[in-house]
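Just below is one structure, and these are the notes that go with it.
The values are calculated or read from the model by the stated rules, or taken from the named source; none is laboratory data. As the structure is a computational prediction, the values presented were derived from the model and not from experiment. Note that we place each Cβ from the backbone using ideal geometry, even for glycine, and neighbour counts take in every protein chain shown. Protein only, heavy atoms only, side chains kept; ligands, DNA and RNA dropped before computing areas. Shrake-Rupley method; radii C 1.70, N 1.55, O 1.52, S 1.80 Å.
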Amino acid sequence: MADVAPSLAQLRAEIDRIDDALLGLLESRVAIGRRVAAAKGDASGPYLRPGREAAILRRLCSAASDDLPTATLERIWREILGANLARQVDPLTVVYAPEGAAAVLDLARDRGGAATRLEAVDTAEAAIAAAVDGRATLAVLPDVADSRWRWWPQLVSDSQRNSSTQKPRVIARLPLFGEGDVPAYGVAPQDPDPSGDDVTLYAVPGTAEGALDTAEIEGAHWSLIAADGYLEVGHIPAGAALIGAYARPETSRSKTST
């Protein structure tokens, strides 16, 4: 006897059961997020783990079939990660998106999800200050290597000051998958965390070959360098200023919908 194809009503009932199961799993994940926050114990943060987030997204996108495009999968998990973050803190991303870099605002919105508030500011200094003083969870700024809105010298200046406070660092690059019209960088007063495949940014005095950019900072010339791997302060050249580190973008493995 030939198999009887399920009716439309049966297929919809199966979808409903899957939706119910997904809801239960999502609630369980958020509940674990609350337990993780409790295990950390320190109400002052840091709350962001962009390296771990990148590792999660890479693993899931590598395992997914072509029926789930990377852009779709990342969007779903960004919302989940944002909801988890909102159980620990009221997340605010402050964005500097000058003329020519309007896409930075969209990148910041996609990263934070619906649970994250956005605020646009007029200068890079204002965005970084909002993160440093704790008003914002993250500052998002346009391409670190573009001289039109050169903001990395501020991180060099901050790193040279003798202070017990945590220095602002680059901790993420957006987007993780694909190229993007203008890349964006996340800055927060915390150390970046490794993802397993990273790029480290640091600045060295003088003019260095292969530098992403050069600038005069407090009367001296500095060069911005990108190095493969996750390097901590003790593993960059002597006299260099650590700018931060981020998960290497997955430009060659991006599956998109057609």
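One table, with the values for the structure above:
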read-out: Checking A203 against (1) surrounded by fewer than 19 Cβ atoms within 10 Å (Cβ to Cβ); (2) in contact with a Ser or Thr (Cβ under 7 Å, 6 or more places away or on another chain); (3) not in a loop (DSSP other than H, G, I, E, B), the condition it does not meet; value: (1)
read-out: Criterion (among the basic types (K, R), within 28 Å of R173 (Cβ to Cβ) and modelled with pLDDT of 95 or more) met by exactly one of R29, R58; value: R58
read-out: Residue check for R35: farther than 25 Å from D198 by Cα, assigned to a helix (DSSP H, G or I) and at pLDDT below 85; value: yes
read-out: The range 9-31, subset without any contact (Cβ under 8 Å) to a residue 24 or more places away in the chain and among the β-branched types (V, I, T), residue nearest to R78 (Cα to Cα); value: I18
read-out: Extreme residue, most open to solvent (accessible area, probe 1.4 Å), among residues of the range 63-88 that are assigned to a helix (DSSP H, G or I) and more than 30 Å from A38 (Cα to Cα); value: A63
read-out: Residue check, V187 at pLDDT below 95, buried (at least 16 other Cβ atoms within 10 Å of the Cβ) and either of a type in the set (A, V, I, L, M, F, W, C) or part of a strand (DSSP E or B) (or both); value: no
read-out: Positions within the range 89-106 being open to solvent by 40 Å² or more (accessible area, probe 1.4 Å), out of contact with any strand residue (DSSP E or B) (no Cβ under 7 Å at 6 or more places or on another chain) and in a helix (DSSP H, G or I), in sequence order; value: D106
read-out: Strands (runs of 3 or more DSSP E) enclosed by the range 113-183 - at least 1 residues per element that are farther than 20 Å from E53 by Cα; value: 117-121, 138-142
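Residues checked against (1) closer than 22 Å to V144 by Cβ; (2) under 14 Å from the mean Cα position of the chain (by Cα); (3) of a type in the set (G, A, S):
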{"position": "A54", "(1), (2), (3)": "yes, yes, yes"}
{"position": "C61", "(1), (2), (3)": "no, no, no"}
{"position": "D66", "(1), (2), (3)": "no, no, no"}
{"position": "I76", "(1), (2), (3)": "no, no, no"}
{"position": "G82", "(1), (2), (3)": "no, yes, yes"}
{"position": "R87", "(1), (2), (3)": "no, no, no"}
{"position": "G100", "(1), (2), (3)": "yes, no, yes"}
{"position": "V104", "(1), (2), (3)": "yes, yes, no"}
